[in-house]
Each structure stands twice: as structure tokens, then as C-alpha cells.
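Student: After the C-alpha cells below, expect a handful of questions from me.
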Amino acid sequence: MIGDLLLRTLRAPNRLVPLASLGGDNAAGSRMPEITCAAMTPDIAGRLAASCPTAAMRSGEEAAGAFFELDYAHCIGCGRCAAAVPEAVGPARSLPVCGVQRARLTRRWNLATGAEVARPPLSGAALPLVGLWPCFDPRQRTPAGAQGVPQLPRCAPTAVPELPRLDRWLGRAVNIRQLDAGSCNGCEAEISALNNPYYDLERLGAHFVASPKHADLLLVTGPVTRNMEEAVRQTYEAVPAPKLVVAVGACGCSGGVFASSPAVAGPVDRIIPVDAYIPGCPPTPAMLATGLAAVLRRR
Amino acid sequence: MTPREEKLARLAPALRQAWVREPEPPRLVSIFGDTGERGPSVHYLLDRGQADYEEIEVEAATELGSLTPLAPAAAWHEREVHDRFGTVFAGHPDPRPLLGHAHDALAAAAAADRPEFTPVAGEGITEVAVGPVHAGIIEPGHFRFSTMGDRVIFLELRHFYTHKGTEDLLAGLEAAAATPLVESVSGDNCLAHAVAYCEAVEQIAGLEPPPRAQALRLVGLELERLLAHVGDFGALCGDVGFAPMPALASRLKEDLLRASARCCGTRTWRGVAIPGGVTVDPPAALRQELAHAVEAAEREFATLAGLALRTPSVEMRFEGAGVLTAGAARDWAAVGPVARASGASLDLRRARPRGAYRRQAFTPPILAAGDVMARARIRVLEASLSAQLILETLADWPAGAVRHPVPAGLDGGGLAAVESPRGELLYWLRLRGGRILRCAIRSPSFQNWPALPSAVIGGIIADFPMINKSFNLSYSGCDR
């Protein structure tokens, strides 16, 4: 019996997605939005903001004039914006902002010019490489508020500035401990899919471990519920330093649809320091894989 | 008075009459509280096998008689009503707080004068604490085992770590704005939750979604079941060390998820169901592609599962392990595949067909053994039935629109039940001026979790992961 099964396994077509093509359509099937109109007008911005149930799309005013913002941290991929304003929004095929700092999840358009505001470098110096893991660079550790991006109060960054090249220190292997801080299990289903024969995360050197004591990286899903708050802190403490924390999903990044609940303590970065964010509701396995690849500098 | 009469005497009169009307007591479906327009009340939902559930509304005095001594399935329901609405249930054998155990002032006060877990003492008894953080990509919950050697002699669950106050968040929302929240009650059953909620709204509006929308909902619901059963069966084999099966099952799942993404633009069917219909209308070519993917996955799965179940190392672990007797299933009012593997014939797709299910003739499989093997087999049988329903529906695709407009400012109450992959899922909804006044969610996991210890106690602790997986309940769906 097991012989028959193994034979079938060996005869099955190879479905492995090459790493190089993972990012190309990593958002397919997630319904994360992409802005497709040439110019963002106040009218479009207003209709988009009105269609969004989680305030991922919002308009605002600042000294430089009116602006429109798309914050992927809050986006649940419900498709309402694309249904309401099909001429300006469509489903994204590729979402590059996976495994990035919180501020990078927010895009902004100047409503006077209709153009997207080029993102200012996070700390004055230009980022040297696409996919460079910025959290390891102590220069990047300035408070995000300095760029005028609305930010949640966050925990202090992980205290490892003396190891700016933690990625190199980790070599080609990283042990990941997945931690559910109160999620709906949608993210868990997609994280489990990382081990299937399409994505095979172990080829990145990444391996899911059973104990936080074996882990280098905590992959945290869900809004942190008040019942899980203490367990999340203790799990974080149990991971030996140096360690990385990646918040996953709309709930992990921003609290998602549960942000205002009294039974919820907040997004992950209210409870423990977070190094990188992977948005989505849930993120597709390809978004998770490209996000983790960005974290591990395997791009 | 006999002990039974004493227990009955404590109940509110309306409930007492309902409980003793027939020789066999009804199946307890749900108990929930409501602050209500006419003052606080406690609602009891009972099933007598009729077309409709029987609903009994009892005015919530500060103290009500507990139903738990007569029906163990009432235990968690009454504890939740107490936590959220303050009603005291006199005679409840275990009135500890359920929901806010880690932070609630009420919980702290109640815990002060009683032990955190039921004490089990004696020579040679060891207590094993597991969770809330488990070893794997799993949701959080706490299991407290008392063992003698390898033998589990007692098991207590402490859940609600993922309690997010979803029902309170729903209150006040516009009816049409609530679907993203109900889709996040239990992420792997998100379409079942969305459809149950939408059907409740549609009932209040007095409309039916167009036939094409009903057909797409059926395809989505059965695909969700197929995915759940393929994944569960793979993981179950993985738990007994039969490694090829989880790898093969995860590949079949991904084939289906990708086919979904091509057909509907979403892997998980989030955002598809809305009150009045659905948001997508896949063209014939994409429906054909989905049909091919489902057919291929089902054929492969049936072959693989047959091989796995004939493998001695799997067979010997599954056979006779984790038996949930028919009596225990009835006492805990278990639902879904768990109940059907213990001889209960409860399947809402047959008992109360709605939407496109009314056009389908089929007999859901029922097995009597109640062990892990029966729960594994029932998943294989149901997976093939789901594929058959999907293919038949796709082959006979109705014409027309996919959405009817739902009037604004709806008033009234609705109750909708959907057979989700884990079993009977209920949404009890009250709208006022188009906004949600109260939405009570009874997930199949809330109903089935308390039944788990009866299948575990008496077995060896090393079988627990496998038995737990054979139930495969949702923590978030239970905790909400």
C-alpha cells in the first residue's frame, strides 16, 4: 500500500513554483487592490474611501494639500473598492510590500496632481537594494512618525543593533515558530500551505519548529486577544535572542476587522516588537513566501 | 419528587413544558441571551425533527433554573450567557466563567473561591497541561489531562483564548456591511458563515437569491467541505506517521484553491456571498475548468485514501481509537461529520434543504462505529459526495442574474442554518432599521468541543493528537 502511494508520489507531475516567479503573481487569488487609474482625482478618492469597510483607503489633508492613502495593513481584500470604482481599482497580481516595515505598507497620492507620492527614504539614506531587509540596518530605526505617516504606538524595536547583519548570522537556515495570537485560522490555512509541493518553503532553508525555544523567527497571526496577551509575551520571551518577529495578515498588522473590539488587545506590534509585516486577509502562500524571502534576503 | 422531577421543577415553565412534551427530549441546538427590545431574555433553540426549529424565549430574571443537569450540552451555553448577560443558572454543576478567563474581573472573582481546573487526585495520577500555545501551525487552546501511566482518566478543556467579541462587534453594523466580520469567525469555513448570515438577512427581507447565485453558493459550500475533508484526512494520516498522505493531500488542496482563484478571483471565497446573492459570475469556460479540477482531485483523493486506509500501520491506529458512543454524541448534541460517524442522521442539507440543495437528491453517509476510523471514512465518503454535488450543479447551471437588491432599513428576525464542513451552523439575527440589533452565532465547533473528552478519556495520551484531529474543530469558530 505504502509502495503504491510512494510510486504515485514519484509519478505525480512536479508542481514546484520556481522562486524567481513567486513574486510575479504572488497576490493572485487574494483580491488585494491595485490602483489602475492614471490620475487619482478627489472624486475617485472619495468614492474609494466610502467603499472601504476597514479604512484601508482614506482621504486626508496636510500642509502640502489633500491626499489619498492606501494602507495595505488594514486591507482585507473584500473587493468592494474594485466593485464600486472599477475604472480605478483592480485586483493586484503582484504585491511587493510583503515582509516590509510598517510604514512601507502605506501608499499615498497627492490629490492636487493625481500622482502617487514617491516614498521618502525611511531614514534619510536611500535603501540600497530592493528586498534588503531594512530592519537590520540601525539607520532605519527612526520613528516612522517622522515621515508624517500615521502610525500606531509601537513597541520598542528588537534590541539587536549590534547584529545589523542578523540575516548573515542566520546563514542559510531559519527556524520559524508560528504563533496564533487570536486569528480566525484563515492565515493558518495559508501558512500550512507553505509546506505543500507547490511552495516547499524548506528550499529557502526555512523550517517550522514546535517550540519557541528552537525558533529564530516568530510568525504571528491574528489580533492579539486579551486572553492571549500574556501567552504572546511569554512566547516572545521564550525565543532566544537574536530573534525576528513577522506580523501576518490584516489582523496581525492592524487589528483588521477586530481592531475596535474590547476583547482584543491590539495588533501584534502593540504587544511585542515587530520587525516586518505581511498584509492580506489571508495573505496567499506566495505572499507569505515572498515576504519571508524578503526577510531572509533570498530575493 | 424523583431527581429528574426536581431538575425539571427548576426550569422556567415554558422550557419545562417543551422538555417533557414527548418521551424523548428534543435536541438542544442553542441557548443565547439577548438584551432585547422588551427587556433581557434567554432564548432556547430546540430541534424535534420538524421543518423548523422550536424557539422558546424566557424572560431573563436574575436567576433561572439550569438545563445542564438534564442536558449536558447546555453547559457551555449557560456559562456563556452568564458571562455576557449576568444571568445566574441555579443548579449548574460548573458555573465557572467561560469567555474572559485571562482578564475578566468577573472571572477573577469567581476563580478566587474555586480551583482553576477540576481537581483529580490519587496515587499515581499525573496532571499534564498543554497549551494555549501548541506545537504546530494550530490555533490556541488549553487541554488539562489527568493520566495514570499512559491512560487518560480525565480531560478538561479551557478554550476561548481567541475570543474576539465578534457578536458585540456585529451589533450596530449595517446589515450589508457585516459580511467581512462573519467571514472571519472561522477562516476555513468563511463561506459557510457568510451564507448562513446572508440567508438570515434574506429571510428578514422575504427574498430568495436568484437561482444562479444559489448554485454558486452550493458549489462554494461543497468545495469548502471537499477542501476541509481532503486536508483533514491528510493531516490525520500525518498524525500516525504516514507521511506521504499529508503531502499528497496538501497538493490536491492547492490544486483546488488555485482552481477557485481562477474561477472566482479568490482562493478562500471571501467576499463572494452578500445579502441578496453573490458578487461574482464566472463564465462557462472557467466553470468548466473548475469542474475538471474538482473531478481530477476527487478521483485522485478516492484512490489515495483507499490505499492509506488499507495500510496496516494506519488501520491499526485508527480502528477502535477515540470512540464517541452514540449515547455520548446524543448527550452532547454533537453535530456534523462527528455525529454522523457515531450513528446520528443529522445533515441539514437533507433535513432542511435550502437554496440549490432543494434540487439535489442524495443520501448523506452515516457510520455507526464512532471511532477515528469512522470519522476518517465519513470524510472520504463526504468528499466524494461533495464533488458529485459540485459537478451536477456546474453541469446544470441556471441562467439569470446573480444578485437581487436587498431593501434598506430592514426590520425583523431571521434564523438560518447551514451544514458547514464541521456541521450545523446557525445564525440568529435581529435587524432594526437595517442595522444589527443582535446576531447570535452557534458554530458547530462550540457544540462539538465539549464532546471531545468523552472520546479521549480511557484511551492513551499518545492518541490524543489523532483523536483531536479526527474531530478537527475550529477554536476561533468556538471562541468567536
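Student: What does the convex hull of the Cα atoms of the stretch B:3-100 come to per residue, in Å³, rounded to a whole number? Walk me through the numbers before you get to the answer.
Tutor: Values: hull volume 9.6 nm³, N = 98.
Enclosed volume per residue, from the Cα hull, is 98 Å³.
Student: Same structure, new question: Net charge around B:GLY400, counting only other residues with Cβ within less than 13 Å of its Cβ (Lys, Arg = +1; Asp, Glu = -1)?
Tutor: Values: positive: B:ARG212, B:ARG403; negative: B:GLU208, B:ASP281.
Charge balance near B:GLY400 sits at 0.
Student: Which percentage, to the nearest 5, of the DSSP beta bridges contained in chain B is antiparallel?
Tutor: 95 percent
Student: What is the extension gain from B:GLN388 to B:MET1, computed as 0.36 nm multiplied by their sequence separation minus the C-alpha to C-alpha distance, in nm to one decimal?
Tutor: Values: separation 387, 0.36 × 387 = 139.32 nm, distance 5.44 nm.
Contour length minus Cα-Cα distance gives 133.9 nm.
Student: Another one. Residues in the stretch B:208-229 near a label at B:ALA284, defined as backbone nitrogen under 17 Å from the 7 Å Cα→Cβ point?
Tutor: Under cut-off, by backbone N: B:212.
Student: Run the numbers for B:MET148 and B:ARG358: contour at 0.36 nm per residue of separation, minus the present Cα-Cα distance, in nm.
Tutor: On the way: separation 210, 0.36 × 210 = 75.60 nm, distance 5.11 nm.
Here the segment from B:MET148 to B:ARG358 would lengthen by 70.5 nm.
Student: Let's test the formula: R0 of 25 Å, r as the Cβ-Cβ distance of B:ALA9 and B:ARG38. What FRET efficiency results, to the nearest 0.05?
Tutor: Efficiency computed from Cβ-Cβ geometry: 0.45.
Student: Ignoring any ligand, DNA or RNA, what whole percent of the accessible area of the stretch A:37-120 comes from carbon and sulfur when the probe is 1.4 angstrom?
Tutor: Values: 2050 of 3410 Å².
Looking at the stretch A:37-120 in its full context, I get 60 percent from C and S.
Student: Report D for the stretch B:173-479 in µm² per second (integer): Stokes-Einstein, Kirkwood Rh on Cα pairs, 4 °C, 1.567 mPa s.
Tutor: Values: Rh = 19.6 Å.
The diffusion coefficient I find is 66 µm²/s.
Student: Also, I was wondering about something else. Local charge sum around B:GLY49 (other residues, Cβ-Cβ under 15 Å, Lys/Arg +1, Asp/Glu -1)? Before the final figure, lay out each step's value.
Tutor: Working: positive: B:ARG21, B:ARG27, B:ARG48, B:ARG330, B:ARG350, B:ARG352; negative: B:GLU22, B:GLU24, B:ASP47, B:ASP52, B:GLU54, B:ASP347, B:GLU424.
That sum, taken over residues with Cβ under 15 Å, equals -1.
Student: Within a Cβ distance under 14 Å of B:GLU78, other residues only, what is the Lys/Arg minus Asp/Glu net charge?
Tutor: Working: positive: B:LYS7, B:ARG10, B:ARG79, B:ARG84, B:ARG96, B:ARG442; negative: B:GLU63, B:GLU80, B:ASP83, B:ASP94.
Its environment carries a net charge of +2.
Student: Using the Cα gyration tensor of the stretch A:198-299, with a ≥ b ≥ c the square roots of its eigenvalues, what is the shape: rounded (a/c below 1.5), prolate (a/b larger than b/c) or oblate (neither)? Walk me through the numbers on the way to the answer.
Tutor: Working: a/c = 2.25, a/b = 1.32, b/c = 1.70.
Oblate shape, in that a/c is at least 1.5 and b/c is the bigger or equal ratio.
Student: With Rg and the Kirkwood Rh both taken from Cα atoms, where does Rg over Rh land for the stretch A:1-122? Working shown, then result.
Tutor: On the way: Rg = 19.5 Å, Rh = 16.5 Å.
Radius of gyration over Kirkwood radius for the stretch A:1-122 works out to 1.18.
Student: Sort B:VAL323, B:VAL314, A:VAL209 by heavy-atom solvent-accessible area, probe 1.4 angstrom, most to least. Each step should come with its number before you reach the end.
Tutor: Numbers: B:VAL323 60, B:VAL314 0, A:VAL209 20 Å².
The ordering from most to least exposed comes out as B:VAL323, A:VAL209, B:VAL314.
Student: How much accessible area does B:ASP94 have with a 1.4 Å probe, in Å² rounded to the nearest 10?
Tutor: About 40 Å², rounded to the nearest 10.
Student: Between A and B, buried accessible area summed over both sides at probe 1.4 Å, in Å² to the nearest 100?
Tutor: Working: alone 13950 and 19270 Å², together 28770 Å².
Roughly 4500 Å².
Student: Something else about it: With contacts defined as alpha carbon pairs under 8 Å and 6 or more residues apart, what's the relative contact order of the stretch B:3-100 in percent?
Tutor: Working: 159 pairs, mean separation 24.4, N = 98.
Value for the stretch B:3-100: 25 percent.
Student: Which distance in Å, rounded to a whole number, links the C-alpha centroids of the stretch A:255-288 and the stretch A:59-85?
Tutor: Each part reduced to its Cα centre gives a spacing of 18 Å.
Student: How many percent of DSSP beta bridges within the stretch B:3-100 run antiparallel, rounded to 5?
Tutor: On the way: 13 of 16 bridges.
Beta bridges within the stretch B:3-100, antiparallel portion: roughly 80 percent.
Student: Evaluate the Kirkwood expression for the hydrodynamic radius of the stretch B:94-232, namely the inverse of the mean inverse distance over all pairs of different C-alpha atoms, and round to one decimal in Å. Each step should come with its number before you reach the end.
Tutor: Values: mean 1/r = 0.0530 Å⁻¹.
Every distinct Cα pair counted, the radius reaches 18.9 Å.
Student: Please work out how much length the chain gains when fully extended from B:GLU54 to B:ALA368, using 0.36 nm per residue of separation minus the C-alpha to C-alpha distance, in nm with one decimal.
Tutor: Answer, rounded to one decimal: 110.3 nm.
Student: How high is the relative contact order of chain B, in percent, with contacts defined as C-alpha pairs under 8 Å that are six or more residues apart?
Tutor: On the way: 902 pairs, mean separation 88.0, N = 480.
That works out to 18 percent.
Student: Which residues belonging to the stretch A:5-44 lose at least 40 Å² of 1.4 Å-probe accessible area when the assembly is complete, relative to their chain isolated?
Tutor: Checking the loss per residue gives A:LEU5, A:ARG8, A:ARG15, A:GLY29, A:ARG31.
Student: Calculate how many DSSP beta bridges within the protein assembly as shown are antiparallel, expressed in % of all such bridges and rounded to the nearest 5. Write down the numbers at each step before the final one.
Tutor: Details: 65 of 84 bridges.
Among the beta bridges of the protein assembly as shown, antiparallel pairing accounts for roughly 75 percent.
Student: I would also like to ask the following. Span-like helices, chain B: DSSP H, alpha-carbon axial extent 27 Å or more, mean Kyte-Doolittle 0.5 or greater, which ones? Walk me through the intermediate numbers first.
Tutor: Working: long enough: B:211-239 (42 Å, 0.35); B:244-264 (30 Å, 0.00); B:284-309 (37 Å, 0.44); B:372-395 (35 Å, 0.88).
The answer, listed by residue number, is B:372-395.
Student: Follow-up question, since we're still on this one. Across all directions of projection, what mean area in square nanometres is found for the Cα convex hull of the protein assembly as shown? Can you show the working numbers first?
Tutor: Working: hull surface 134.4 nm².
Mean projected area of the Cα convex hull: 33.6 nm².
Student: Over chain B, with the other protein chains present, what is the accessible area per residue in square angstrom, probe 1.4 angstrom?
Tutor: Details: 17120 Å² over 480 residues.
With the other protein chains kept in place, chain B gives 36 Å² per residue.
Student: Further question on the same structure: Using only the alpha-carbon atoms of the stretch A:67-106 as identical scatterers, what base-10 log of I(q)/I(0) does the Debye formula give at q = 0.22, 0.26, 0.35 Å⁻¹?
Tutor: -0.84, -1.07, -1.24
Student: Still on this model: Please work out the Kirkwood hydrodynamic radius for the stretch B:257-359, using every pair of different C-alpha atoms, and report it in angstroms with one decimal place. Please report the intermediate quantities before stating the final value.
Tutor: On the way: mean 1/r = 0.0571 Å⁻¹.
Averaging 1/r across every pair of different Cα atoms and inverting gives 17.5 Å.
Student: Moving on. Based on the Kirkwood radius over alpha-carbon pairs, what is the Stokes-Einstein translational diffusion coefficient of the stretch B:339-451 at 20 °C with 1.002 mPa s viscosity, in µm²/s?
Tutor: In µm²/s, the coefficient is 129.
Student: Let me ask something else about it. By the gyration tensor of its Cα atoms, with a ≥ b ≥ c the square roots of the eigenvalues, what is the shape of the stretch B:396-457: rounded for a/c under 1.5, prolate for a/b over b/c, or oblate? Don't skip to the answer; put the middle values down first.
Tutor: Working: a/c = 5.57, a/b = 1.59, b/c = 3.50.
Oblate shape, in that a/c is at least 1.5 and b/c is the bigger or equal ratio.
The values are calculated or read from the model by the stated rules, or taken from the named source; none is laboratory data. The structure presented is a predicted model; accordingly, all values stated were derived computationally and were not measured. Methodologically, a virtual Cβ is constructed for each residue, glycine included, from the backbone with ideal geometry; neighbour enumeration extends over all protein chains shown. Note: areas computed on protein heavy atoms with side chains; ligands, DNA, RNA excluded. Shrake-Rupley method; radii C 1.70, N 1.55, O 1.52, S 1.80 Å.
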